[in-house]
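Structure first, then comments.
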Amino acid sequence: MIAMAKEKPSKPLVGKPEKQVTIEIPQGQFPVALYANVFGLESLDGHKLMHFGLMIPPARLLSAWACVFERKLIENSKESWMKYLAEIEFPNHAGDTSFRCPLEKLTMGVPSANLATLARADDVGEIRLFAYSIADLLDQRREEKAGKIKGQPLALIRLPLELQRQLIAAIYQDLIP
């Protein structure tokens, strides 16, 4: 199994003393845990609105969930996700990114993730999504403290490994030859 870093250091603010502030990723207790076999992607001002669903024939939707991957998550993850994709191999073909969550599945709104980790075991991929407060991060930096701020778990998404490959490629479609 390959897993990405458990803590993500933040980047220093310009003109501020450099200190290490990390995001602590709690284990377990995800409010959403689902298996997906379809996904969709929409671009929104540099962010990506990700749709996940579990479909069974004939076109029967069992579950669906959506989340915004913030632009900074996509930018900060690019190097490690490209390395991960090279390790698990590039997708066999471009994925279908047209799936959309039905509006009735989005009654609680669409959460925003600014931290994610990827992992795999055999032919199953996993995405763990978290959110942390930017204000907490800025407060740590203003106080010139090194330390940790807590991330909040959002979702645990399991999906076929090939679908995980397609998802990463779709996020960075303009960057992959």
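What to note about this one:
- Hits in the stretch 71-92 (condition: closer than 24 Å to A131 by Cβ, open to solvent by less than 40 Å² (accessible area, probe 1.4 Å) and out of contact with any Phe, Trp or Tyr (no Cβ under 9 Å at 6 or more places or on another chain)): L73, Y84
- Qualifying residue in the stretch 45-53 (condition: over 21 Å from A170 (Cα atoms) and in contact with a helix residue (DSSP H, G or I) (Cβ under 8 Å, 6 or more places away or on another chain)): no
- Whichever residue in the stretch 31-43 is farther than 15 Å from R158 by Cβ and in a strand (DSSP E or B) and, among such residues, is most open to solvent (accessible area, probe 1.4 Å): S43
- Taking the criterion of being assigned to a loop (DSSP other than H, G, I, E, B) and under 19 Å from L61 (Cα atoms), the residues of the stretch 82-108 that qualify are G95, D96, T97, F99, R100, C101, P102, T107, M108.
- Failed condition for S112, given (1) under 16 Å from I168 (Cβ atoms); (2) among the small types (G, A, S); (3) surrounded by 14 or more Cβ atoms within 10 Å (Cβ to Cβ): (1)
- Tally, over the stretch 121-162, of residues that are modelled with pLDDT of 70 or more, open to solvent by less than 20 Å² (accessible area, probe 1.4 Å) and among the aliphatic types (A, V, I, L, M): 7
- Which listed residue is at pLDDT below 95 and open to solvent by 50 Å² or more (accessible area, probe 1.4 Å), from G28, G46, G15: G15
The values are calculated or read from the model by the stated rules, or taken from the named source; none is laboratory data. None of these values were measured; they are calculated from a predicted model. All Cβ positions, even for glycine, are placed from backbone atoms using ideal geometry, and neighbour counts span all protein chains on display. Surface accessibility is based on the protein's heavy atoms, side chains included, excluding ligands, DNA and RNA. Shrake-Rupley method; radii C 1.70, N 1.55, O 1.52, S 1.80 Å.
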